[in-house]
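The values are calculated or read from the model by the stated rules, or taken from the named source; none is laboratory data. What you see is a predicted model; the values in this text were computed from it and never measured. Cβ placement follows ideal geometry from the backbone for every residue including glycine, while neighbour counts extend to all protein chains displayed.
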Amino acid sequence: MIFLHLACEFFFAGLFAVGGGLATIPFLQSIGQRRGWYSSAQLANMIAAAQIVPGPIGTNMAVYVGFTVAGLPGAALSAFPLMIPTFLVDLIAARLMERFRNSDQLERFMRVLRPASAGLICAAAFALLKISLASGSEWIWQSPRAWLHWFDWRCAALYAGLLPFVFRKRLKKLHPAAYVLAGAAAGVLFRL
């Protein structure tokens, strides 16, 4: 039964996660909350691991969840259903784009699709921000006192301190691995 649940959840995520692998994060967060397969802290670890491994982030996260929940068969039964809708939609879209290249209806559809994709990616960014700034396993909004208890000021200070370096011209030319190593070193240094 767990295999059917994995296949259905990731087929649904693949069908509606418009905008790439990062757009699957809100779906993964929802799956974790509804099914109880992993916590927000485990989701953050999963995202970090999926970023390190070569390949599409959405597929890497699906494999990670599937393996965690149901071993090697679970990894396969979560990755393939995630990819099938994208493959089928791409086949159909390529055929339709060829036929309706100058269509006003296609242009209107794309105008609707772009903000939806941007919204999912913004939701993913907000989810990652919440996970990375919380000191506990779950984010709490109930009261200011509870929020202050769960908020990790060291992470926020590190985030605010490192963010300007991303926008400096000289540092933009650095390889992304340099940022990963710098973040890892800062995490070890500040015991995050």
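Scanning the range 70-116 for residues that are at pLDDT below 85 and of a type in the set (Ser, Thr, Tyr) yields THR86, SER103.
Scan GLY66, GLY58, GLY21 and give me the residue that is more than 29 Å from ALA178 (Cα to Cα) and assigned by TED's automatic domain parsing to the domain that holds ILE131. Working first, answer last.
Details: GLY58 fails: more than 29 Å from ALA178 (Cα to Cα); GLY21 fails: more than 29 Å from ALA178 (Cα to Cα).
It is GLY66.
Among the candidates ALA62, ALA76, the residue that is more than 14 Å from the chain's Cα centre (by Cα) and crowded, with 17+ Cβ neighbours inside 10 Å is uniquely ALA76. If you go through the range 8-48 and keep only what is part of a loop (DSSP other than H, G, I, E, B) and in contact (Cβ under 8 Å) with a residue 12 or more places away in the chain, you end up with ALA17, VAL18, GLY19, GLY20, TRP37, TYR38, SER39. Number of residues in the range 1-51 that are buried (at least 21 other Cβ atoms within 10 Å of the Cβ) and closer than 16 Å to ALA76 by Cα: the value is 6.
Within the range 147-165, does at least one residue satisfy the condition of being modelled with pLDDT under 75 and over 22 Å from ALA41 (Cβ atoms)? Within the range 147-165 (the criterion being modelled with pLDDT under 75 and over 22 Å from ALA41 (Cβ atoms)), the answer is yes, since at least one residue qualifies.
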